[in-house]
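One structure is given here, and the rest of the page talks about it.
The values are calculated or read from the model by the stated rules, or taken from the named source; none is laboratory data. Treat the numbers as computed from the prediction; the structure is a model and nothing was measured. Note: ideal-geometry Cβ built from the backbone for every residue, glycine included; neighbour counts use all protein chains shown. Areas reflect the complete protein model, heavy atoms only, side chains present, ligands, DNA and RNA absent. Shrake-Rupley method; radii C 1.70, N 1.55, O 1.52, S 1.80 Å.
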Amino acid sequence: MVYSAYISIIICSFSLCIGFPFKLPHHIQPSHPKHGCDICADIVFLFDDSSSIPVADPHGFHKMKDFMVAVVQSFSNFGPPNGVQVSVVLVAHTVRNYFYLNNFTHEADIVHNMKIFPEIKGSATAIGEGLKFVREKSFLPKFGGERLCADKFLILLTDGKHNLGALPKPQAEALKDEGVTIFVIGVGPKVLMSELLAIASKPEYVFNVTDFNQLAAINDRIVDDACKVAKDSKLTPQPCSLEQISKTLIPYGYALVPVFYPLTKKKMSWPPAFQGLDQLDNEHHLPWLTHNEHSHKHGGRWDK
């Protein structure tokens, strides 16, 4: 019985980790991607929040957020080991990181946090400083940029031209040298096309729309291009480590543990994937554990 418990848990978690298509409960079934493309990717949105945006369109800020949400919702596989991770960075007279790649690993959390961040209506457009921040911070391993399978993308949205701080072109070149694919979206007549072309990875990755209402029209093209880049790169998928198995197991498979473990009637340690979780993690993910007087800080035991 002990071994069958371990085997059941490992099969469930490993299958989720590698994406084996067994049936999940209806309420956690992933939505089907509109583009038939699930990729391992780290996507950073760098968007302009200067004061010119509400002048051009009082709802322009929210339309940019709607565009970002639509891009995210084009995928169905999120988080490690082999899904999409998302970060959002604002640039105006300053650079503000709203969240890093590894802050949110589920679509609902990413979308929710995209919708709630506030508008600042900055006094300048420091595009070069934004690119510099993304290069120096956004893709660092400690912020979720360590995955070997992940193609790295930057999507820049602006309605103007750079006018403060570090020059955009050298920062963009450094990003491209590090393997980041850059898409650039210019909104309205005030953008400087030569600047956008110098930032983007390819001329065809520059999109110039007449107003914020037209952003929705280029969503499919952005996603299709990103999917093609990822498929052509043929980066190796991540193997499933015990840490990744535990992360995958917790949302869906942990219900197996209280079913199997009491049935063994033996004193035994937790499966390896759960060992090392601190007490707060255990109480958050395994609430029934807090009622077991034999639980310990680094994993519980069932006593006869």
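Quick check on the stretch 167-196: of everything there that is open to solvent by 30 Å² or more (accessible area, probe 1.4 Å) and not in a helix (DSSP H, G or I), which residue is farthest from L140 (Cα to Cα)?
Residue satisfying both the conditions and the ranking: P189.
Is it true that some residue in the stretch 197-205 is open to solvent by less than 20 Å² (accessible area, probe 1.4 Å), hydrophobic (A, V, I, L, M, F, W, C) and part of a loop (DSSP other than H, G, I, E, B)?
yes
Based on what the data block shows, is D211 without any contact (Cβ under 8 Å) to a residue 60 or more places away in the chain and of a type outside the set (V, I, T)?
On the way: without any contact (Cβ under 8 Å) to a residue 60 or more places away in the chain: no; of a type outside the set (V, I, T): yes.
No, not satisfied.
For I120, indicate whether it is more than 20 Å from A230 (Cα to Cα), β-branched (V, I, T), in contact with a helix residue (DSSP H, G or I) (Cβ under 6 Å, 6 or more places away or on another chain) and open to solvent by less than 50 Å² (accessible area, probe 1.4 Å). Walk me through it before giving the result.
Working: more than 20 Å from A230 (Cα to Cα): yes; β-branched (V, I, T): yes; in contact with a helix residue (DSSP H, G or I) (Cβ under 6 Å, 6 or more places away or on another chain): no; open to solvent by less than 50 Å² (accessible area, probe 1.4 Å): yes.
Criteria not met by I120.
Looking at the stretch 231-244, is at least one residue open to solvent by less than 20 Å² (accessible area, probe 1.4 Å), touching a helix residue (DSSP H, G or I) at 6+ places or on another chain (Cβ under 9 Å) and either modelled with pLDDT under 50 or not β-branched (V, I, T) (or both)?
Looking only at the stretch 231-244, we keep the residues that are open to solvent by less than 20 Å² (accessible area, probe 1.4 Å), and these are none.
Within the stretch 231-244 (the criterion being open to solvent by less than 20 Å² (accessible area, probe 1.4 Å), touching a helix residue (DSSP H, G or I) at 6+ places or on another chain (Cβ under 9 Å) and either modelled with pLDDT under 50 or not β-branched (V, I, T) (or both)), the answer is no, since none of the residues qualifies.
Applying the selection to the stretch 130-145, what residues are touching a strand residue (DSSP E or B) at 6+ places or on another chain (Cβ under 9 Å) and among the hydrophobic types (A, V, I, L, M, F, W, C)?
Residues of the stretch 130-145 that are touching a strand residue (DSSP E or B) at 6+ places or on another chain (Cβ under 9 Å), as a first pass: 130-135, 137-139, 143-145.
The answer is L131, F133, V134, F139, F143.
Please go through the stretch 156-207 and give me each residue that is within 15 Å of A126 (Cβ to Cβ), of a type in the set (K, R) and at pLDDT 95 or above, ordered by number.
The answer is K169, and nothing else.
Kindly indicate whether H62 is open to solvent by 10 Å² or more (accessible area, probe 1.4 Å), out of contact with any strand residue (DSSP E or B) (no Cβ under 7 Å at 6 or more places or on another chain) and either under 16 Å from V89 (Cβ atoms) or at pLDDT 90 or above (or both). Quick ask: steps written out before the conclusion?
Details: open to solvent by 10 Å² or more (accessible area, probe 1.4 Å): yes; out of contact with any strand residue (DSSP E or B) (no Cβ under 7 Å at 6 or more places or on another chain): yes; either under 16 Å from V89 (Cβ atoms) or at pLDDT 90 or above (or both): yes.
Answer is yes for this residue.
Within the stretch 131-153, is even one residue open to solvent by 50 Å² or more (accessible area, probe 1.4 Å) and in contact with a Gly (Cβ under 7 Å, 6 or more places away or on another chain)? Lay out the reasoning, then the answer.
Step one: filter the stretch 131-153 for residues open to solvent by 50 Å² or more (accessible area, probe 1.4 Å), giving 132, 135-137, 140-142, 146, 148.
Then keep just the ones that are in contact with a Gly (Cβ under 7 Å, 6 or more places away or on another chain); that gives none.
Taking every residue of the stretch 131-153 in turn, none turns out to be open to solvent by 50 Å² or more (accessible area, probe 1.4 Å) and in contact with a Gly (Cβ under 7 Å, 6 or more places away or on another chain).
Based on what the data block shows, is H93 at pLDDT below 95 and not small (G, A, S)?
Values: at pLDDT below 95: yes; not small (G, A, S): yes.
So H93 fits the description; yes.
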